[in-house]
Structure formats: C-alpha cells, structure tokens
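Worksheet: one structure, shown below.
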Amino acid sequence: MNIDLCRQLCKINKIFYARHAQSFSNTRLASWDGWRRLFDSVFSTAATVTAPEVLRGETGIVTGEMLREQTGNATDTISCEQEGGAPEVLSCVEARSATGTVSCGEAGNVFGSAVSLLDVALGNARFEHTLMTQFPHLNWKFYGVDACDDLLTSAFEVPVDYMSRDVCELLYAHLEHDVRFSRDVPLKPDTQPKLDAVERLHLHAVQVDYAVSFGFMHHIASFEARALFLQLLCTCVKPGGAVCVSLWQFMKSPRLSEQALRFTPAACEQYGIAQKHLEQGDYFLSWQNDSQSFRYCHSFSDSEILRLVECVKPYAQLECMFCADGKEGNLNCYLVLRRSV
C-alpha cells in the first residue's frame, strides 16, 4: 500500500462520517464493557492519594476537620458512594488526614488538582461522560481531537478542550517525507517508523496523565501509520502516565466477517481500488441499510497486535492486554501501555 492509497481510504472515511455523523452518534450512546475493566484496572489509580498522615494543599496542611467543613460530612470518614448508598469499588484507596480519613475522590475535589486526559477520535465524548459518571469527585480536564466536527455537535454535555484535526493526514504527511517511503514505493509492513521523528509530531501541546483512543485505529491505513500513531500517542502522556487503545478484531464476528467479505469487492470497484493493493486485514463495511456507503476498516490480527506492542517499547511498556465487547466478548483487543519514566 502506498501513500496515495492511504489518503484515498482516509478521504472515503471522512465522506462517510460527514454523511452519517448523526445516525452513527445515535448508535454510540452506551459504554463498552471493556471500558469498565479499564476503570477498575487503570483509572481507579487516578484517584489515589499518597499521604501517610496529612494531606497538603496549596496553602498548607488540610485536616480532617477542614475536609468535613467543605463536604458537610459530620463523621470522621468521608466515603465515595454511588446512588443507593453502595460503596464505590473504584475509589477504595483512602488517605489519612490529621484528624480523619478522606477518600481519594474527595481529596482530589477539595484540592482542585486536575486529572488530564487526551482522547484522539473523541466522537461524541461518551467515554468522557462515562468517566465523569464513574469518578464524579475528580476534577477532570479533557482534551479531544477529531476530524469529524459534526459528531461533537451531537455530543454529551462534557467540557472538552477540542481540536479539529485530521490525524490520519498527519501520519501520512510524516511517512511521505520519510526518505524510505515515496509515492512509488509501497510501505513495507516489516519496517518501523523512525523513532527519533515521533517527538516532532506534536499531536497536542499539553502532556496529559492519560491518553486514549477507542474505535479509531482500524481507520488508519498501513501498519507503519498505525505503529506511528501508537508511538505518537505514547509521547502525549507524562512519564508514568497510561495510554489505552482498542483494536477492532471484527473478523472474529461471523456477522461482520460475512459483511466484510461481501462488500469489500463492491467497494473496491466503486472507488477504483485494486483489492490486491490492500493489506491483509483491510476491508470495507457498509452502514445500516445503505449498501452504497462504505467505510474502510482494518481488522487486527493477534500477530499484528504483538508487533505494535514491540514498536512502542522505546516509549512505553505493555501493562495489560485483554479482549472484550460484542456477544462473544472478543471484538476488541485493549492495550494498556505505561509511559516510560
């Protein structure tokens, strides 16, 4: 696959989302099962406070009495609870103050220190909405990037510092100027992007605590561009921060694999693409009842996922990998990468 074909596939997807933004957003309202596992294993640590005897704010020591005055709680223990009074299992770490105990969520709220998160392919901000629901006591600062602004117009009401940017074009522009690639030379799947160039591809000006991208990487054409994106995402987080991505493996679904095999030849003919020029795992999927509107999607194989993990080792280490979502619980492979300190 060469750069021109990569850009053509990107353009096809931009047209698709511009045409179906509202109907697509309407089907993207619920949270994913995989997110809940991330909340348990990754994001619960966002609320961790480590202070053995006292909690120090910007102006000095914060005592248990001061915390009770701000929260209106008459007891010495302030706990994060969900509706119905059940303890919230995601906020189980507590930090002791001088005269009482305050849970990590309340402490973050009192101090006002923000927990920052970058979401590439923000969509309608449903992940951020779910995150705020799960961790209501934290002071979140969200940054979002997407190429389809129309998706944000139908978004949940979440405060987001939004940037409209075509990330795929950002990746292809870099690969095009890499001396090893050109319009006439196909991108080689076994070649990794130049690691020293990733730092210069600034996706966002602010380094964050967390960077996520869900339901996006299957729209990036070519292995090189997908590897470059994952490396780039790792550089967006602070040392010790976490990167979470989902990798769609739709060919494991009988229904979706049948659709992919059926529609890909028709889509290639419609767009004037020689199917032999696509990479292994590249397909076209239709949308709802519109059999003439296609989007380019890549189904990740297990071996490719392991290669992607190898590509980010200079920047981050694999902390967790699991499958979730769909009827069989295997439609997405999730990677949790911890930024090297």
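The values are calculated or read from the model by the stated rules, or taken from the named source; none is laboratory data. Note that this is a predicted model, so its numbers are computed, not measured. As a convention, Cβ positions derive from the backbone with ideal geometry for all residues, glycine included, and neighbour counts pool all protein chains shown. We work out accessible area using only protein heavy atoms, side chains counted, and drop any ligands, DNA or RNA first. Shrake-Rupley method; radii C 1.70, N 1.55, O 1.52, S 1.80 Å.
Here is a yes/no grid of residues against (1) free of Cβ contacts under 8 Å to residues at least 40 places away in the same chain; (2) polar (S, T, N, Q); (3) in contact with a Cys (Cβ under 8 Å, 6 or more places away or on another chain):
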site: ILE220; (1), (2), (3): no, no, yes
site: VAL237; (1), (2), (3): no, no, no
site: GLU258; (1), (2), (3): yes, no, no
site: ARG262; (1), (2), (3): yes, no, no
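Pairs linking a residue in the range 319-341 that is within 14 Å of VAL309 (Cβ to Cβ) and open to solvent by less than 40 Å² (accessible area, probe 1.4 Å) to a residue that is in a loop (DSSP other than H, G, I, E, B) and at pLDDT 95 or above, with Cβ atoms under 8 Å and 6 or more positions apart or on different chains, are CYS333/GLN249; CYS333/PHE300. Assessment of the range 200-211 against the conditions (closer than 30 Å to LYS327 by Cα, at pLDDT 75 or above and either open to solvent by less than 10 Å² (accessible area, probe 1.4 Å) or not polar (S, T, N, Q) (or both)) yields at least one matching residue.
Scan the range 309-318 for residues that are open to solvent by less than 80 Å² (accessible area, probe 1.4 Å) and not in a loop (DSSP other than H, G, I, E, B) and jot them down. VAL309, CYS311, ALA316, LEU318, listed by residue number. The single condition among (1) open to solvent by 20 Å² or more (accessible area, probe 1.4 Å); (2) touching a helix residue (DSSP H, G or I) at 6+ places or on another chain (Cβ under 7 Å) that GLU269 does not meet is (2).
Filter the range 131-141 down to the residues that are assigned to a helix (DSSP H, G or I) and either open to solvent by less than 10 Å² (accessible area, probe 1.4 Å) or closer than 23 Å to SER164 by Cβ (or both) and list them by number.
The first filter runs over the range 131-141 and keeps only residues assigned to a helix (DSSP H, G or I), leaving 131-134.
Listed by number, the residues that qualify are LEU131, MET132.
In the range 21-40, how many residues are open to solvent by 30 Å² or more (accessible area, probe 1.4 Å) and modelled with pLDDT under 90?
Of the residues in the range 21-40, the ones open to solvent by 30 Å² or more (accessible area, probe 1.4 Å) are 22-23, 26-33, 36-37, 40.
From the residues that got through so far, the ones that are modelled with pLDDT under 90 too are 22-23, 26-32.
Residues flagged as open to solvent by 30 Å² or more (accessible area, probe 1.4 Å) and modelled with pLDDT under 90 within the range 21-40 amount to 9.
In the range 278-293 there is no residue matching the filter, namely being out of contact with any helix residue (DSSP H, G or I) (no Cβ under 9 Å at 6 or more places or on another chain) and either in a strand (DSSP E or B) or surrounded by 12 or more Cβ atoms within 10 Å (Cβ to Cβ) (or both). Scanning the range 241-253 turns up no residue that is at positive phi and either in a helix (DSSP H, G or I) or at pLDDT 95 or above (or both). The single condition among (1) modelled with pLDDT of 65 or more; (2) under 26 Å from GLN8 (Cα atoms); (3) crowded, with 16+ Cβ neighbours inside 10 Å that PHE127 does not meet is (2).
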